[in-house]
Every structure is written in C-alpha cells, then in structure tokens.
1. Treat every Asp and Glu Cβ in the stretch 270-358 as -1 and every Lys and Arg Cβ as +1, leave all other atoms uncharged, and give the resulting dipole magnitude about the Cα centre to the nearest 20 debye.
2. Could you list which residues have their amide H under 5 Å from that of residue 396, counting only those 5 or more apart in sequence or on another chain, with H placed in the peptide plane?
3. Report the one residue of 351, 206, 251 whose Cα lies farthest in the direction of the positive end of the charge dipole of the chain (charges on C-beta: Lys and Arg +1, Asp and Glu -1; origin at the Cα centre).
4. Would you work out which of 531, 719, 367 lies farthest towards the positive end of the dipole of the chain? Charges go on Cβ: Lys and Arg +1, Asp and Glu -1.
5. Would you mind checking the tilt of helix 434-459 against the longest principal axis of the Cα atoms of the chain, expressed as 0 to 90 degrees and rounded to 10?
6. If 439, 859, 27 are ordered by their accessible area, calculated over protein heavy atoms with a 1.4 Å probe, which sequence runs from highest to lowest?
7. Under a point-charge model restricted to the Cβ atoms of Lys and Arg (+1) and Asp and Glu (-1), what is the dipole moment magnitude of the stretch 512-629 relative to its Cα centre, in debye to the nearest 20?
8. Each residue of the stretch 685-695 in turn: what ³J(HN,Hα) in whole Hz from Karplus with 6.51, -1.76, 1.60 and θ = phi - 60°, glycine and Pro shown as x?
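The values are calculated or read from the model by the stated rules, or taken from the named source; none is laboratory data. Since the model is a prediction, treat every value here as computed from it, not as a measurement. In this analysis, Cβ positions are derived from the backbone assuming ideal geometry, glycine residues included, and neighbour counts consider all displayed protein chains. Only protein heavy atoms, including side chains, enter the accessible area calculation; ligands, DNA and RNA are left aside. Shrake-Rupley method; radii C 1.70, N 1.55, O 1.52, S 1.80 Å.
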Amino acid sequence: MWGHYIPPMTSAEIRRKFLQFFKARGHAEVPSSPLVPADDPTLLFTNAGMVQFKRIFQGLQLRPYKFAVTCQKCVRAGGKHNDLEQVGHTARHHTFFEMLGNFRFGYASDDDRDEYKRVAIEQAWEWVTQQAWLGISPERIYITVHHTDDEARKLWQEFVPDKRIYGLGDRDNFWQMADTGPAGPNTEIYVDLRGIGDWKKGKADLTLDEFVELQETGALLEIWNLVFMQYDLQGDGSRSPLPAPSVDTGAGLERIAAVMQSVPSNFDTDLFTPIIERAVEVVGKKYDRGPGGASYRVLADHARAVAFLLADGVYPANDGRGYVLRRILRRAVRHAWLLGRREPTLVHLVHTVAGLMGSEYPELVKQRAHLESVTRAEEERFFDTIEGGLARLDELQNVKVIAGAEAFKLYDTYGFPIDLTQLIAAERGQTVDVAGFEHELGKQRTRSQESLERTKARAKGAPAVHVKRPGEWRSVKPRGKQKWVGYDTTRAETDVLKFRQADDRVEVVLEENPFYVESGGQVSDTGRVKGEGWDLEVSDVEKVDGLSAVVGHFQQEFEPTAVLAEVDEPRRKNIERNHTATHLVHAALRKILGPHVRQQGSVVAPERLRFDFAHHGPVDDATLARVEETVNTHIWENLPVTTREMKYKEAIAAGAMAFFTEKYGDTVRVVDVPGVSLELCGGTHVPSTGQIALFRFTHETGAAAGVRRIEAVTGPVAYELVRKLEEQVDEAALVLKTQPEHLVRRIEQLLEENRKLEKRIDDMLRSGGQRATGDVEHIGDIELHLADSDLDDRDQIGLVMDAFRTSHKRAISVLFTNGERPGIHVAVTDDLVAQGVKAGEIAGAIAAVSGGKGGGRPHFASAGAGDPARLAEARAQAPAIVKRLLAR
C-alpha cells in the first residue's frame, strides 16, 4: 500500500533539504535564535520556531523579508507541555528538539491576499511527497483541518481524497499564541507508520474514530503543523480578523527522521543512537529498546538539552531557567544511578553531543570545555547528596503521602527538585503533598528576603530591624501635585506639599522635586533644602505613597515655608558618570562575551558602580582589559547621550534592552548612546560620554550561580585610583632603591636572590648547622639534647630535626623555639621509636607545663606553648618528664 521504496535519509540531509527547498522559493534563511528568548518575560525558553518572530506577528517589528525558513533549537521542560516526566517513556517526548519552520508575514502583495493558504499547502505537499525532497508516498498521508475551515479542506482535496481529511475542533486544530493576540486554525499532516516496529499494516481508509485511535497510539504520526494566523483574539473571547494573515509552519526534525529512517521511535534515529551507544559504553550494561531502556533514553535526551542550554548561557541555579537546567541534570544523574553508575556519566554524553551536532551548531564545539566542566561539577555536587536523599526516601516507603516538610527537606538538604521526588514517589505508589512543599518553600523565601533586607539595612548603616515612624503627615498644599524636575535641574525654588516629623527626623514632600529617589540601582540624591529660618541637610530620599520625600535630621520644630531645594551637584555628576558607564559596560560585555550577557542587578553610587550579569564563568584579565578598552574608547569618542519617551511597544520594536525584573508602564524613557547602547532607563545620565572622562575596573568575582559581578570607578575617582597606584609604585621603587620603570626587573632579582638564600639555609639546616644553643643530658644510654632556637618556620624546624635524627643514635632532641609562635619540638631517633618511644607523648607532656598541647608522628612532633612566659619552666622540667616517660 505504500508505493515506492524510500532510501533512508539522515537527519542532516533532512535539515539541509528543508532549508534548500524554501530558500529556492524566496524564503530568507534565518539562523536559529538562542534558547533564551530575547526580551520576552513570558517564556523561560524558546519552545517553538515562531518565538523569534513573535514581535512581527504582533505588529511590533518589521524585517526586510516577508518569508523566512529556519531550523530552530527548542526546549520544553514542564509547564503546559509537561514533557519532562514523559521523556524516555514515550517514543516522541523530548526536552530539547529541533523545529523546522517556514513563515509568511502578511501579504507579499495585493495579489497574494487570497492565495496564502493555497501556496502554503502546495509547498507542504511538494516537500513531503516529491521524490527530490522527502518522497513519502501520498498513500501514507492523512490530513486534519479545523472543522470550520472549508477553504483548507477544499485545497487539500486537490491532493488527498476527502475521506482521508478529518475536521477536528479547537483542542486539536486551533492554535493561539496566548489568551489574547494572534491565533488561527491549523492543518496537520500525518504519516502512516503501520508496518514499522510492532504496528501491523491495516486498511487505508479510516473512519474518524479509527483515525483518532491510531493517532493516540502513535501509529499515525503528525509531522507537519501549518497554522493560518488570521484572527486577533480579544479579551472577551471574540475573534477579530487580522488585517494581514500570516503563516507559521512547524515540522519536528526528530519525527521526520523517524519516518525517513523507518524506525518506530525518535530514539532509534541517528539523532540519538550515537549518544545511547556512548552511554552503553560508559555504563557497561546492555540497552533495552523496551521499557527497561528508559534510563538510557533519558540520558540521551537530557544530554542534548544540557549541552544546548549551557552553550546558550544558562547556568544551573535554584530558580528560573537555571533551576530547570538543574532539574534536567539531576534527573539524568538519578537515571544513571538506577543503571548502577556512581560516577559522572552525563559529561561523557555532552561530549558526544558536541561532536555529533557541532557542525550545525558551532557554539557546542567552541564551548565544549565549558559544557563538560559545568556538567561534571553539577553531577559531582548531586552525587554528594543523592545517596542520603534516596536513603531518606527509602525510610518513607511505608507512608502513602510524603509530607510537604519532608519533600522540602529532600529539596533543601539533598538537592532533590520536587518533581524528582514526585517521580520516585509515583514509582513506589506514593503521592507528595505539593501544597505543603510550596508552603515550606515560601517560608524559606520569606526568611531569605528578611535576611537580605537586614543585610541591606546594615550596609546603609541603618538599624537591622524596621522602626515604625510615629507622627502624622501634615498637609500644607492639599491640592498640590508633585512634579519631578531632576532630569532638567538640580535646583528648584518650590513649596512644601506635606511633611511629618518624629523626634530629630523630618520627611518633606516638595512640590517641585529635583532629588532622585533610589531606583533601578541608582542611589538617592543628597543635598540641602533651605527655608525661612531653617536649613535641612538631606541625607536620603524615600518613596511615600507614590511621592518622593526628602529626609534629614532636624532638631527644631519644623515650619513649612517656601524653600530652595539644592541637590549636591558634584555628587550627582559622579553618579551620572557611573550610570552612563554602566550602560557602556553592558554593551561592551554583550559585544565581547556574547548576547547571553544580561543585566542581573546593579548599584550606581557616586564613588563606584557595580554590575551583575549572566555569564557562565570568570572573566579573565585579558578579556576584562578588552572590555575596559572598549568602554574608554566610547568615552573618548564623546558620543551624545540622548533620552526620549516612547511607547513601550515601540521602544522594544526599536531594539531597546528591557529588564523584566523591572515594571514598565505604557510609556517608557529610552536612553540612547548612538551605535552603542539603547536601554529603557529612568535614571540620570551625563549629556555626552566624554564627561565620564576615565573608566577603570577594580574587581571581578562571582555573585551567584551563573552570575558574575564587576565593580569599577569613573571620572575623579578613577583618576584618584591611578594617582594612588602611581604613588604606591614610586614608594615601592624607593624602598627597593630603583626607578619605577625598573621595578619589575628589581623584584625579579630579589626573588632570585631569595631563592638562592633559601637553598643555602636549607642545605645548612640539613647538615645540622642550626642556630641553636643547648646542652646534653644522659638518661641511661640515651642522650637527651635540650636546645633553644629563634627559628619560626616549621619547614626549617623540620629540616633541623631530620638532620638530628640522621646524625644520632639512641637520642632525643627537645627544641624550644622563641619566635612569633613559641613552641616545643621533639625528635626521636628510629631505634628508640622501634622500642615504643613516641615524640608526640613527650611534646604533649612538656607543653602541658605551660598550658599548651600538641602532637605528631612518633619520630617528630610539635606543641604550642600555652603561656610563653612559662616556657622556661617547661624547659627546666623537661629532663624529669622525659626520664619519667622513658621509665614507664
């Protein structure tokens, strides 16, 4: 029934032919976007081919092409699709997959207005059935359409008998981007797999019920989903026609590969078999293609997801995208554990993925060392706790429901994500109190937030606890409205709208306010407010009921009058230098490290700037130097810094960077450094980059998992830093009696001289030439050497004692050192050690006289002097102590 034979086609050939087909028909080839969607807070990951074109479909962005073709990398791991827990147990579920897609954005011309569905269906049919492309027999193909889409059904009837076209409802054949926005009916292509694997061949013509049954078993496999976006969903549920309908096609590469390679499961294709084969080599157990091989399939799938997520800048963490990655990693570790593996396994498979897919996705090869090091570290970290967590779960086997507190303990102590606990519990016939877990997790977050607030308060010099402020607000101008004038001026003659006073503290709301209140990382202004007969030093600015209130200490009774408000202008200018520099740093980091770099937090103060950003590892000195040079280059170009207000959608469409930890209104302020940076920002900035003058990094360190932190200075502070460094260099050169330009060479000379001196000292000590004075007593035929020394280096003391032991027989040395750390050191020759004499016992007994203690090996031991003033007393008693111990 299937017609002509189709030679197997590799996944690489399928990918290449798809792109080739649509490029030849006027589609622009667009590279895969990263797995982390740019400027889209609604998605954790790119989960479909259309994500990078979302703004075009929404009418927020224009591109120079009307047609596009892509091979898009995607991740789905939980949420609506809930693919994660199905992976390994079904033939088609994956966390990472590739989506072949072709897209049409509106009409190419007026003549195209009535033809967009026809063209899309004709192209789909040609690529799927023609011998030059996939060449799948039409006899194997079934079609679904939305039951109201008579146009699509009629078009398909030109290729497929109507009895093999099935009209289904919204659940199966209506696609929407969200509850509102672009949506439309879709049509799908199914391929008959009967005759492959365990599926038996059957009749070609199927009733709707028979079609649905075979669809649910997987014997009929959907390989193509063609969406006609022709409606704009409204909040009330109505559907308004879009002025320019679009087309969004998705075709799963893994599914098509299964069809073209005549295998019943995606895991039997060339996309997975090399990874599974490598897993078999590493684990050392045979792979079962049935249910028993689920762990191998999980490992193969998760290795792909881990490799691609790490390559796109995601880092394992306890929240957000990093948490999803950590869940995937730890689920893989658990399945390796089930296979008996007690060492890192996924790291070997990530290596295989990079080799297998690196030609198509070069970022895998470029970052292979990073992918493997992070994977290995994460596996080893989980191995440290997995055994204890599994043991705890074993102890809970007899309970029907695992309590929320227990589930939280597994998460908090043993690193078990809640879904992993649920998975293991389900395998044992148990359930988990997820609501209780969330309650415990919420309590922990509250504790963490309170701790953070206390830390912030301490950092500001404020009390660690929240102090309620007594006093009622007194209104001066009840109908007055506050106006922010700080973008234009740092000085304003204005009135007081309201105030409140408590003890020696007053808070004042000004009608025209030039003082910036801390926001977006920029600290509050300080300055002065002068009234008739009073003067208020402004130490802070706070938000009060949506208004800004200046705050300061005030000893007398506050009387509102007309005022002159003056911001500390030199301080403000330093803040502005640092804020604009922060934008330049962000742009330079993205340019040099890659587009995965995104702001994770900042502090913009007068004396420094701090910038946290997403990045997978430390930034080396050479790269930091490149970033610093790039920032300074933009400063010395003296570029204009302009600001303008725009509609939020227009700003995003223009390419402005937005940070979705911030809340934005419909109208936003955009700060533009032409050709360098475009960001949404409400802070204050210098009018041109040249006013920053100079930029210098001071620190680079880690702030959290997957987050790096840099600190820097600008302007006068940077100048002072350079001057201070020059002074330190001059001072060091003076001490070393050389010129600053010869300082490095002089240090190298001194280091070499020091190495030679150390060698001479070591040689002297080894030969017994110690700086020690003392005497010898005889206890029977044993010599007891008592000596004093000013040696303080333990290695040198060890050399002295070794020299003593090699040059004496039946002897004990007790050395009292009087350096910075006074101590007692005992050496015993090997012949006495063989008779049971122990240096540690002798050292401990003598040290006890001075209140000290210590120990060591039988032939050499050291002890500290508890009270250095009693060291002489310990020395005097040493002969009697040694004699007593020898007698015993």
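1. Values: 14 positive and 8 negative charges, 72 e Å.
Computed about the Cα centre, the dipole is about 340 debye.
2. When sequence neighbours closer than 5 places are left aside, there are no close amide H contacts.
3. It is 351, whose Cα lies furthest towards the positive end.
4. Farthest towards the positive pole: 367.
5. The helix 434-459 is inclined about 50 degrees to the chain.
6. Details: 439 115, 859 50, 27 15 Å².
Greatest to least solvent exposure: 439, 859, 27.
7. Values: 13 positive and 21 negative charges, 168 e Å.
Roughly 800 debye for the stretch 512-629.
8. Whole-Hz 3J(HN,Hα) from phi for the stretch 685-695: 9, 6, x, 8, 5, x, 6, 5, 6, 8, 10.
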